[in-house]
Amino acid sequence: MGLRFIFMLTRNDRTVPDASQQLQTALSLGVRHMGFKDIGLPIEQLKGLNAAIKAGGATSYLEVVSLDRESEMVSAKAAAEIGVDVLLGGTRVDDVLPILKGTGIQYFPFAGRITGHPSVLEGSIAEIVESAKAITAKDGVHGLDLLAYRSAENVPELMKAVCAAVSKPVFMAGSIDTPERIAVVQNAGAAGFTIGTAALDGKYPAGGKDVPSQLSAIIRDVAALNKHLSPIRKKNLSTAPAGKAEGQVNKLQFRVAKFEGSSPWSFRQHGDELFFVHRGRLLMRFRDREEIVEPGEFIVVPRGVEHCAVALDGEASEVLLATTTA
């Protein structure tokens, strides 16, 4: 699956007023993980936001920002009422688990000791690791939310230590606003990370400070880290050597070619062939018959069947598909 980018529709721990507009921008760019807080918009608007996230084919997240037991339980109940897919954050696991039971919501609480506002992660690496292990051992906890860059410890070492200590996925949240920090997150073995304010305020290094430019840059950088960028460029048959372009997709070999005259009689011992005529007309000769294949038509030649292709009207362009086990 690769590293997961979760776009938070939040600024300063509040869901932004134009969250619906920003959501549509993100969906149009292919962002498939979207989060928000239960503060900033009325509950009914948050329900609508959550419904729009799911209608767009994305996964929804609600992140807890409260530091006291009562408000954290209110956030958990809001997550259940809104119907989000994932609840992030919070520290009172034993109080929240009963609220989420039976809802189908995945739960990723904070590891370590969280204080202040904006939140700070306190404790040594060893203490945070022990907290992570204890939390993930509980039934109903699906992973962790780690405020790594809000810690005074060595952040890369902290991330690696927590990810190595637990068998459940870890999301990194807070102050991730550069490609370098995203690379550190991936190198640590994290499952994903959140970015909200940095993208909304135009702080991420990109070609522009507008949200589409910011999100596009983040998506590109994550795709590069996940090795999801294609090195393959388009090919033009008219400029290809000998009028032929070929390649392979999985175990399927393809060839796009222009040819004149006729091919020699031949057959394949392994695998069928598909001939699709792009331009011109093709006469496919068999030992028992002949068939004319017009532009937009194709013909399948089974393995072991002798055949001879003839370009009618001077020249033909064809697409050939066949397995590579020839």
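The values are calculated or read from the model by the stated rules, or taken from the named source; none is laboratory data. Because the structure is predicted, anything quoted here is derived from the model rather than measured. So basically every Cβ, Gly included, is an ideal-geometry build from the backbone, and we count neighbours across all protein chains shown.
Kindly indicate whether any position in the stretch 42-52 is in a helix (DSSP H, G or I), among the β-branched types (Val, Ile, Thr) and in contact (Cβ under 8 Å) with a residue 40 or more places away in the chain. Give the derivation first.
Quick first cut of the stretch 42-52, residues in a helix (DSSP H, G or I) only: 43-52.
Of the ones still in play, those that are also among the β-branched types (Val, Ile, Thr) are 43.
Remaining after also requiring in contact (Cβ under 8 Å) with a residue 40 or more places away in the chain: none.
Within the stretch 42-52, not a single residue is in a helix (DSSP H, G or I), among the β-branched types (Val, Ile, Thr) and in contact (Cβ under 8 Å) with a residue 40 or more places away in the chain.
Looking only at residues in the stretch 277-305 that are more than 16 Å from LEU321 (Cβ to Cβ) and among the acidic types (Asp, Glu), which one is surrounded by the most Cβ atoms within 10 Å (Cβ to Cβ)?
GLU291
Residue by residue through the stretch 19-64, note down the ones that are acidic (Asp, Glu) and within 21 Å of the chain's Cα centre (by Cα). Spell out the reasoning first.
First, the residues of the stretch 19-64 that are acidic (Asp, Glu): 38, 44, 63.
Selection gives GLU63 alone.
Check every one of the strands (runs of 3 or more DSSP E) wholly within the stretch 84-145 and list those with 1 or more residues that are surrounded by fewer than 20 Cβ atoms within 10 Å (Cβ to Cβ).
106-108, 113-115, 120-122
Determine whether SER60 is modelled with pLDDT of 95 or more and assigned by TED's automatic domain parsing to the domain that holds ASP18.
On the way: modelled with pLDDT of 95 or more: yes; assigned by TED's automatic domain parsing to the domain that holds ASP18: yes.
Against the criterion (modelled with pLDDT of 95 or more and assigned by TED's automatic domain parsing to the domain that holds ASP18), SER60 qualifies.
So that you can scan it fast, the table gives a plain yes or no per residue for (1) surrounded by 14 or more Cβ atoms within 10 Å (Cβ to Cβ); (2) more than 14 Å from GLU180 (Cα to Cα); (3) in contact (Cβ under 8 Å) with a residue 12 or more places away in the chain:
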residue	(1), (2), (3)
PHE193	yes, no, yes
GLY196	yes, yes, yes
LEU200	yes, yes, yes
PRO205	no, no, yes
LYS209	no, yes, no
ILE218	yes, no, yes
VAL222	yes, no, yes
SER230	no, yes, no
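Give, as residue ranges, the strands (runs of 3 or more DSSP E) completely inside the stretch 270-326 that count at least 1 residues that are closer than 17 Å to GLU260 by Cβ. Break it down stepwise before answering.
Values: elements: 273-285, 290-293, 298-301, 308-323.
In the stretch 270-326, 273-285, 290-293, 308-323 are the strands (runs of 3 or more DSSP E) which contain 1 or more residues that are closer than 17 Å to GLU260 by Cβ.
Give the residues of the stretch 148-162 that are surrounded by fewer than 22 Cβ atoms within 10 Å (Cβ to Cβ) and under 21 Å from GLU63 (Cα atoms), sorted by residue number.
So the first thing to find is which residues in the stretch 148-162 are surrounded by fewer than 22 Cβ atoms within 10 Å (Cβ to Cβ), and the list is 149-157, 160-161.
Correct list: TYR149, ARG150, SER151.
Taking PHE267, is it assigned by TED's automatic domain parsing to the domain that holds GLY247, closer than 25 Å to GLN248 by Cβ, crowded, with 17+ Cβ neighbours inside 10 Å and at pLDDT 90 or above?
Details: assigned by TED's automatic domain parsing to the domain that holds GLY247: yes; closer than 25 Å to GLN248 by Cβ: yes; crowded, with 17+ Cβ neighbours inside 10 Å: no; at pLDDT 90 or above: yes.
So PHE267 does not fit the description; no.
Restricting the search to the stretch 55-73, which residues are surrounded by fewer than 16 Cβ atoms within 10 Å (Cβ to Cβ) and part of a loop (DSSP other than H, G, I, E, B)?
Correct list: GLY57, LEU67, ASP68.
Answer yes if at least one residue in the stretch 238-252 is under 30 Å from GLN186 (Cα atoms), in a helix (DSSP H, G or I) and in contact with a helix residue (DSSP H, G or I) (Cβ under 8 Å, 6 or more places away or on another chain), and no otherwise. Outline the logic, then answer.
Taking the stretch 238-252 as the starting set, the residues that turn out to be under 30 Å from GLN186 (Cα atoms) are 249-250.
Retained after the next criterion (residues that are in a helix (DSSP H, G or I)): none.
For the stretch 238-252, residues under 30 Å from GLN186 (Cα atoms), in a helix (DSSP H, G or I) and in contact with a helix residue (DSSP H, G or I) (Cβ under 8 Å, 6 or more places away or on another chain): absent.
Within the stretch 127-151, can you find the residues that are without any contact (Cβ under 8 Å) to a residue 12 or more places away in the chain and of a type in the set (Gly, Ala, Ser)?
Scanning the stretch 127-151 gives ALA134, ALA137.
Can you find, within the stretch 310-326, the residue that is surrounded by the most Cβ atoms within 10 Å (Cβ to Cβ) among those that are within 10 Å of LYS251 (Cα to Cα) and at pLDDT below 80? Let's see the steps before the verdict.
Let us first name the residues in the stretch 310-326 that are within 10 Å of LYS251 (Cα to Cα), namely 322-325.
The next check asks that each one be at pLDDT below 80; those that pass are 323-325.
Working: THR323: 15, THR324: 12, THR325: 10.
Applying the filter and picking the extreme gives THR323.
Please pick out the residue among LYS54, LYS77 that is within 28 Å of ASP139 (Cβ to Cβ), of a type in the set (Lys, Arg) and out of contact with any helix residue (DSSP H, G or I) (no Cβ under 7 Å at 6 or more places or on another chain). Walk me through how you get there before you give the answer.
Numbers: LYS77 fails: out of contact with any helix residue (DSSP H, G or I) (no Cβ under 7 Å at 6 or more places or on another chain).
Testing whether each residue is within 28 Å of ASP139 (Cβ to Cβ), of a type in the set (Lys, Arg) and out of contact with any helix residue (DSSP H, G or I) (no Cβ under 7 Å at 6 or more places or on another chain) leaves just LYS54.
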